[in-house]
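Each remark here refers to the structure printed beneath this line.
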Amino acid sequence: MEEYWAKRDFTRTPEPRGEVVSTVGDMFVVQEHHASRLHWDLRLERDGVLKSWVIPKGPPEERGIRRLAVQTEDHPVEYADFKGSIPEGEYGGGTISLWDRGAYETEKWRDGEIIVRLKGSKLVGRYCMIGLKGQAGDWLIFRCGKDG
Ligand code: MN
């Protein structure tokens with residue numbers, strides 16, 4: 001999580017410094033982040049961290065909608081519990097609140113292709129994420145079949 005630590009001054013932000021943990025979990029969280037630009041942050045617990053994407057327009061709740069998701073630095077697992085205000089002028093300055101949270105199952109996870117089943121309050125069902133070739137970090141996220 002060197003990138004996460006390097007971007008933040010923990011004497012100024014209330015965000016947790018955190019560390020990579022050895023526990024295995026199946027949590028996902030979506031945080032609504034009123035920063036300089038409103039966006040939603042999707043985080044999937046994996047390998048002792050939260051794998052993270054910025055979704056400028058928010059994750060789609062309905063079928064047939066594809067949204068851009070830009071992968072960002074891994075966050076500590078305890079970040080799922082963070083809400084509050086990051087001071088203006090600090091990285092990510094603005095307020096963060098919980099938008100959805102739950103468990104998830106992994107159906108596929110490889111370079112450029114992730115399929116998960118989310119069991120949240122707002123997001124329920126099978127979601128596909130596809131990395132865009134030649135656009136490092138850019139993914140599309142959308143609801144994808146088989147869950148009725
Ligand atoms: Mn954010």
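The values are calculated or read from the model by the stated rules, or taken from the named source; none is laboratory data. On a predicted model such as this, the values are computed, not experimentally measured, just so you know. All Cβ positions, even for glycine, are placed from backbone atoms using ideal geometry, and neighbour counts span all protein chains on display.
On inspection, ILE115 fails the criterion of being in contact with a His (Cβ under 6 Å, 6 or more places away or on another chain) and either aliphatic (A, V, I, L, M) or part of a strand (DSSP E or B) (or both). Checked against (1) more than 14 Å from the chain's Cα centre (by Cα); (2) more than 16 Å from the ligand (Cβ to nearest atom), SER85 meets all criteria but (2). SER85 meets all of the listed conditions (1) in a strand (DSSP E or B); (2) in contact with an Asp or Glu (Cβ under 8 Å, 6 or more places away or on another chain) but one, namely (2). Consider region 14-62 and keep the residues that are away from the ligand (no atom under 11 Å from the Cβ), part of a loop (DSSP other than H, G, I, E, B) and among the aliphatic types (A, V, I, L, M). The one that is surrounded by the fewest Cβ atoms within 10 Å (Cβ to Cβ) is VAL24.
Would a scan of region 80-91 turn up a residue that is over 20 Å from HIS33 (Cα atoms) and modelled with pLDDT of 95 or more? Checked region 80-91: no residue is over 20 Å from HIS33 (Cα atoms) and modelled with pLDDT of 95 or more.
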